[in-house]
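Here's the structure, in C-alpha cells; my notes come after.
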C-alpha cells in the first residue's frame, strides 16, 4: 500500500514523495484506485481558489483561470501533455506505427494545441459558473477528485495496451473490474451529493466520453497508452464541470 500511495502521488501530482520501493502490476493497480485520494491536496487548493475569488472581489472568469492554472501546475501539466500527444497521434495518420511514433516525440502539433485550448477553455468556463454558487468551491474540489477516478476504468482488465513499453505499460489491465465498479459507485454518490441530478448526468457523460476515447484508441492504436490516460483525465474533468455549470 505504501508503494502504491507513493506511485499514485508521485505520478499524478507535483508533490515530492519518495519513489516506491517496488512497482509491479498489483502496485500499479492499487495506485490507480488511490488516484482520487492522491489528488486531494490539489482539489483542496482548487476549492480554496474558488472560495476565495468572490470574497476577494475577483471576477468569476479570472478566478476560474487561476484555479485551472493552479491545478495544471500541481500536476506538472502531465495530463495535458498526454492530451496533446493523444490528439496528435490520432490525427497524424491511419498507420498505427506512425501514430505511436508521433505520440512518442513529445512535441505538440496543431491538433494537440487545439485539443488543449478547447479542453482548458471548457474547464475554465465550467469552473467560472461555480464561483458564485454557495457551495461551488466544494463541487469544484470533489469533481477534481472524481475526474481522476476514470483512471480505474482506463486501466481495467480487458482494455489492451498499445505497446509493451512506455510509462503506461505497467498500468495496463492492472485494475480488476469489480474495483472499477466500486470506484464508479463512490463517484456517483459524491456527484449526487454535490450537484444532485446534474452531477450524475455529468458523471455518465464523462464515462461515455472516456469510453469513446478508449474505443478510438483501441481501434487506431491497438490499445491505450500513458498519454491516453492523461487525455482521459482532462476530458473527464471538462465534461464534469460543463455538465454541472
Discussion item. Looking at 52, 70 in this structure, which one is at pLDDT 95 or above, more than 23 Å from the chain's Cα centre (by Cα) and surrounded by fewer than 24 Cβ atoms within 10 Å (Cβ to Cβ)?
Written reply: 52
Discussion item. If I go through the range 32-46 residue by residue, how many of them are buried (at least 20 other Cβ atoms within 10 Å of the Cβ) and either without any contact (Cβ under 8 Å) to a residue 40 or more places away in the chain or farther than 30 Å from residue 98 by Cβ (or both)?
Written reply: 9
Response to the item:
Picking from 131, 113, the residue that is surrounded by 21 or more Cβ atoms within 10 Å (Cβ to Cβ) and either modelled with pLDDT of 95 or more or in contact with a helix residue (DSSP H, G or I) (Cβ under 9 Å, 6 or more places away or on another chain) (or both) would be 131
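Restricting attention to the range 17-34, report how many residues are part of a loop (DSSP other than H, G, I, E, B) and closer than 20 Å to residue 142 by Cβ. Working first, answer last.
Here is the first cut: in the range 17-34, the ones part of a loop (DSSP other than H, G, I, E, B) are 17-24, 34.
Add one more test, that the residue is closer than 20 Å to residue 142 by Cβ, and what stays is 34.
Total satisfying the criteria: 1.
The values are calculated or read from the model by the stated rules, or taken from the named source; none is laboratory data. Quick caveat: nothing in here was measured; it's all calculated off a predicted structure. Cβ sites come from the backbone with ideal geometry, for glycine too, and all protein chains shown count toward neighbours.
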